[in-house]
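Undergrad: Sharing a structure with you now.
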Amino acid sequence: MNSNHLLLEEPIRMASILEPSKPSFFPAMTKIVGTLGPKSRSVDIISDCLKAGMSVARFDFSWGDIEFHQETLENLKTAVKSTRKLCAIMLDTGGPELQVVNKTEHPISLEADTKVILTPDQDKPATSNLLPINYHGLSKAVKKGDTIFIGQYLFTGNETTSVWLEVDEVCSEDVVCLIKNSATLSGTLYTLHVSQIRIDMPTLTDKDKEVISTWGIRNNIDILSLSYTRHAEDIRHARSFLSKLGELNQTQIFAKIENIEGLTHFDEILQEADGIIFSRGNLGIDLPPEKVFLFQKAALYKCNMMGKPAVVTRVVDSMTDNLRPTRAEATDVANAVLDGEVLLTYTTLFSSFFVTFVSRSDAILLGAETLRGLYPVETVSTVGKICAEAEKVFNQDLYFKKTVKNVGEPMSHLESIASSAVRAAIKVKASAIICFTSSGRAARLIAKYRPTMPVISVVIPRLKTNQLRWTFSGAFEARQSLIVRGLFPMLADPRHPAESKSGSNESVLKVALDHGKASGVIKPHDRVVVCQKLGDASVVKILELED
């Protein structure tokens with residue numbers, strides 16, 4: 001099968017831009033994480049989001065109660081069964097998030113050039129002159145002239161739903177602020193962010209632990225998004241907590257980088273975490289706006305080279321209220337997928353290096369766009385289409401060479417097999433790579449080299465016991481790969497062998513090939529690269545399919 005992917009060095013024909021995109025079973029190699037909430041929790045809406053390309057459902061516990069999220073999850077399970085589309089579950093912790101509490105639920109109008117008091121006394125009603133907050137230590141953390149932002153789904157300080165404050169004075173536990181822009185806050189909770197100030201609260205709060213110990217265990221969450229990760233110790237502490245909760249010891253932990261403290265300790269956090277989420281909304285407050293793209297590129301590059309999933313947020317904010325994204329947002333989505341080739345010397349807070357950035361995000365995370373947005377399905381579909389178009393012009397050859405060079409020699413056994421499988425698939429223009437795996441590690445290593453063709457990850461269940469009962473592994477591993485770019489998992493039947501030895505058609509390989517054919521990825525006469533373990537040996541082989 002001839003590759004349709006262009007190299008960036010090649011001129012793009014103007015006529016090709018006008019050609020309609022071809023529909024595909026896999027909308028894009030880049031995955032889409034959708035946050036489920038008030039506007040996206042019905043079975044029909046969730047089903048349409050899954051069909052449009054959502055592969056991970058995020059449950060944001062910075063708002064809403066356990067019962068609300070459980071009802072939404074039950075609808076997700078129904079939608080998964082009806083659409084036959086796998087979907088991973090991500091629990092996003094509230095973390096040490098500061099909030100303004102409005103028990104009256106009435107909108108609060110704030111006028112520019114007037115003053116408002118932030119108080120930890122939550123018994124007082126929220127008004128235009130006084131805002132109760134959920135933190136007693138704010139007055140000790142800030143000083144005159146510091147910047148504070150308040151709003152929903154952060155915020156520039158210029159929009160009418162968010163407010164930009166400047167600390168004027170501190171009076172005991174109260175903080176008096178000058179309002180810099182007029183805004184109306186509506187709803188019950190608003191996030192409060194103090195620029196470049198450390199908040200002395202644990203990253204995994206008691207409320208987070210309660211949610212994980214109840215809702216998380218009940219639903220066998222696949223991924224924990226650890227909000228406001230600031231140190232590697234935050235990841236170690238969360239992992240220790242999960243390890244005591246039965247099967248949640250398999251749950252992956254993604255560090256959510258939201259402030260300058262997390263940025264400063266990024267290298268050590270990356271070593272401990274299973275993946276990284278770049279919360280560009282909060283980062284855009286802690287960092288000067290012109291620095292955000294530099295951190296994104298540098299951090300994405302490091303994630304790519306380590307083979308750890310990188311997720312980017314805040315890409316199509318305007319689609320929260322509009323059917324189409326802005327042109328700048330559409331380009332931003334493509335750049336998050338492609339992330340171009342930028343040659344620069346860059347001294348960061350964590351290192352100094354000279355490198356060509358040829359990096360890509362594994363997934364795009366949609367927050368307010370799907371949680372409370374008016375067009376959740378259209379948003380997922382639009383982002384998927386933009387990702388698919390960007391992937392067509394990715395310079396895979398350059399990326400492959402850079403990744404191999406970064407790994408160095410001697411390679412580990414698994415790394416060598418993974419890179420060889422991708423190299424073979426590129427050389428023979430294979431339509432797909434089929435990888436047999438138990439832990440998912442081999443498939444993730446293949447995905448690390450960013451092949452231009454889909455990787456069908458066939459997860460082989462393993463029988464295990466806790467001395468009380470026998471269970472099969474595999475479900476966690478299959479779902480967790482749904483956030484990795486280019487991986488499309490299927491759970492194998494443990495009764496079927498990897499290959500048929502007797503001319504029988506019951507092998508797992510045949511099932512995988514049939515799955516690829518049914519999805520339109522594999523066609524007659526195509527070449528397919530298979531990566532599997534036979535006994536103690538790992539084998540990469542090329543199949544040329546017949547009719």
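The values are calculated or read from the model by the stated rules, or taken from the named source; none is laboratory data. Quick caveat: nothing in here was measured; it's all calculated off a predicted structure. Cβ placement follows ideal geometry from the backbone for every residue including glycine, while neighbour counts extend to all protein chains displayed. Remember, those area values only see protein heavy atoms, side chains included, never the ligands or the DNA or RNA. Shrake-Rupley method; radii C 1.70, N 1.55, O 1.52, S 1.80 Å.
Undergrad: With (1) surrounded by fewer than 20 Cβ atoms within 10 Å (Cβ to Cβ); (2) modelled with pLDDT of 95 or more; (3) over 24 Å from S457 (Cβ atoms) as the list, and K77 as the residue in question, which single condition is left unmet?
TA: (3)
Undergrad: Checking the structure you have, find out if any residue of the stretch 191-198 is outside any loop (DSSP other than H, G, I, E, B), in contact with a Pro (Cβ under 6 Å, 6 or more places away or on another chain) and open to solvent by 10 Å² or more (accessible area, probe 1.4 Å). It would help to see each step written out before you state the result.
TA: We begin by selecting, within the stretch 191-198, every residue outside any loop (DSSP other than H, G, I, E, B); these are 191-194.
Among the residues that remain, those that are also in contact with a Pro (Cβ under 6 Å, 6 or more places away or on another chain) are: none.
Within the stretch 191-198 (the criterion being outside any loop (DSSP other than H, G, I, E, B), in contact with a Pro (Cβ under 6 Å, 6 or more places away or on another chain) and open to solvent by 10 Å² or more (accessible area, probe 1.4 Å)), the answer is no, since none of the residues qualifies.
Undergrad: Can you work out which of the residues in the stretch 396-408 that are farther than 25 Å from S55 by Cα and of a type in the set (S, T, N, Q) is nearest to the chain's Cα centre (by Cα)?
TA: T403
Undergrad: Let me ask another. Tally time: how many residues in the stretch 202-233 are under 15 Å from D65 (Cβ atoms), buried (at least 23 other Cβ atoms within 10 Å of the Cβ) and of a type outside the set (D, E, K, R)?
TA: Qualifying residue count for the region: 1.
For every residue, the table says whether it meets (1) at pLDDT 55 or above; (2) open to solvent by 70 Å² or more (accessible area, probe 1.4 Å).
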site	(1), (2)
E9	no, yes
E19	yes, yes
K22	yes, yes
M29	yes, no
D44	yes, yes
C49	yes, no
A52	yes, no
S55	yes, no
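The rows are residues; the columns are (1) free of Cβ contacts under 8 Å to residues at least 60 places away in the same chain; (2) farther than 28 Å from F149 by Cβ; (3) among the β-branched types (V, I, T); (4) in contact with a Cys (Cβ under 8 Å, 6 or more places away or on another chain).
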site	(1), (2), (3), (4)
S240	yes, yes, no, no
Q250	no, yes, no, no
K256	no, no, no, no
I260	no, no, yes, no
I269	yes, no, yes, no
L287	yes, no, no, no
F295	yes, no, no, no
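Undergrad: Give the residues of the stretch 235-250 that are hydrophobic (A, V, I, L, M, F, W, C) and assigned to a helix (DSSP H, G or I), sorted by residue number.
TA: Passing the criteria: I235, A238, F241, L242, L248.
Undergrad: Restricting to the stretch 206-234, give me the number of residues that are closer than 21 Å to F266 by Cα and not in a helix (DSSP H, G or I).
TA: First pass over the stretch 206-234, keeping only residues closer than 21 Å to F266 by Cα: 223-234.
Narrowing further to those that are not in a helix (DSSP H, G or I): 223-231.
Number of matching residues: 9.
Undergrad: Restricting to the stretch 449-481, give me the number of residues that are of a type in the set (D, E, K, R), under 21 Å from the mean Cα position of the chain (by Cα) and open to solvent by 20 Å² or more (accessible area, probe 1.4 Å).
TA: 2
Undergrad: List every residue pair whose Cβ atoms lie under 7 Å apart, where the two residues are 6 or more positions apart in sequence or sit on different chains, the first residue falls within the stretch 362-389 and is closer than 13 Å to K51 by Cα, and the second residue, located anywhere, is open to solvent by less than 20 Å² (accessible area, probe 1.4 Å) and among the hydroxyl-bearing types (S, T, Y).
TA: P376/S40; P376/T370; T379/T370; V380/T370
Undergrad: Moving on to the next point. Can you work out which of the residues in the stretch 515-538 that are touching a strand residue (DSSP E or B) at 6+ places or on another chain (Cβ under 6 Å) and in a strand (DSSP E or B) is surrounded by the fewest Cβ atoms within 10 Å (Cβ to Cβ)?
TA: Among residues in the stretch 515-538 that are touching a strand residue (DSSP E or B) at 6+ places or on another chain (Cβ under 6 Å) and in a strand (DSSP E or B), the one surrounded by the fewest Cβ atoms within 10 Å (Cβ to Cβ) is R527.
Undergrad: Here is a check on your reading of the model: is V484 open to solvent by 20 Å² or more (accessible area, probe 1.4 Å) and either at pLDDT 90 or above or out of contact with any helix residue (DSSP H, G or I) (no Cβ under 6 Å at 6 or more places or on another chain) (or both)? So that I can check it myself, show each step before the final result.
TA: Working: open to solvent by 20 Å² or more (accessible area, probe 1.4 Å): no; either at pLDDT 90 or above or out of contact with any helix residue (DSSP H, G or I) (no Cβ under 6 Å at 6 or more places or on another chain) (or both): yes.
Here the answer is no, as V484 does not meet what is asked.
Undergrad: Can you pull out the residues in the stretch 291-305 that are over 20 Å from V333 (Cβ atoms) and among the charged types (D, E, K, R)? Spell out how you get there, then give the answer.
TA: Our first condition is that a residue be over 20 Å from V333 (Cβ atoms); within the stretch 291-305, this holds for 291, 302, 305.
Within the stretch 291-305, K291, K302 qualify.
Undergrad: Can you find even one residue in the stretch 291-302 that is basic (K, R), closer than 30 Å to R236 by Cα, out of contact with any helix residue (DSSP H, G or I) (no Cβ under 8 Å at 6 or more places or on another chain) and at pLDDT below 90?
TA: Within the stretch 291-302 (the criterion being basic (K, R), closer than 30 Å to R236 by Cα, out of contact with any helix residue (DSSP H, G or I) (no Cβ under 8 Å at 6 or more places or on another chain) and at pLDDT below 90), the answer is yes, since at least one residue qualifies.
Undergrad: Follow-up. Being touching a strand residue (DSSP E or B) at 6+ places or on another chain (Cβ under 8 Å) and assigned to a loop (DSSP other than H, G, I, E, B) is the filter; apply it to the stretch 398-442 and report the residue that is surrounded by the most Cβ atoms within 10 Å (Cβ to Cβ).
TA: Out of the qualifying residues, it is A430.
Matching residues to (1) of a type outside the set (F, W, Y); (2) open to solvent by less than 20 Å² (accessible area, probe 1.4 Å); (3) in a strand (DSSP E or B):
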position	(1), (2), (3)
D123	yes, no, no
P132	yes, yes, yes
S139	yes, yes, no
T161	yes, no, no
C177	yes, yes, yes
T184	yes, no, yes
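Undergrad: Here is a follow-up. Among the helices (runs of 4 or more DSSP H) confined wholly to the stretch 258-335, which include 1 or more residues that are small (G, A, S)?
TA: Output list reads 260-264, 280-286, 289-306.
Undergrad: Another question, if that's okay. Out of the stretch 259-279, which residues are open to solvent by less than 40 Å² (accessible area, probe 1.4 Å), modelled with pLDDT under 95 and more than 21 Å from V315 (Cβ to Cβ)? Explain how you work it out, then say what you get.
TA: First pass over the stretch 259-279, keeping only residues open to solvent by less than 40 Å² (accessible area, probe 1.4 Å): 259, 261-263, 266, 269-270, 273, 275-279.
Next, from what is left, pick out any that are modelled with pLDDT under 95: 259, 261-263, 278-279.
E261 - this is the single residue of the stretch 259-279 that is open to solvent by less than 40 Å² (accessible area, probe 1.4 Å), modelled with pLDDT under 95 and more than 21 Å from V315 (Cβ to Cβ).
Undergrad: Another question, then. Could you please find all residues in the stretch 377-397 being open to solvent by 20 Å² or more (accessible area, probe 1.4 Å), touching a Leu at 6+ places or on another chain (Cβ under 8 Å) and part of a helix (DSSP H, G or I)?
TA: E378, D397
Undergrad: Also, quick follow-up: Only one residue in T326, T331, T320 is hydroxyl-bearing (S, T, Y), more than 30 Å from A418 (Cα to Cα) and open to solvent by less than 30 Å² (accessible area, probe 1.4 Å). Which one?
TA: Working: T326 fails: open to solvent by less than 30 Å² (accessible area, probe 1.4 Å); T331 fails: open to solvent by less than 30 Å² (accessible area, probe 1.4 Å).
Result: T320 is the single residue among T326, T331, T320 that is hydroxyl-bearing (S, T, Y), more than 30 Å from A418 (Cα to Cα) and open to solvent by less than 30 Å² (accessible area, probe 1.4 Å).
Undergrad: When you go through S109, S62 one by one, which is the residue that is open to solvent by 50 Å² or more (accessible area, probe 1.4 Å) and out of contact with any Pro (no Cβ under 6 Å at 6 or more places or on another chain)? Steps first, please.
TA: Values: S62 fails: open to solvent by 50 Å² or more (accessible area, probe 1.4 Å).
The conditions single out S109.
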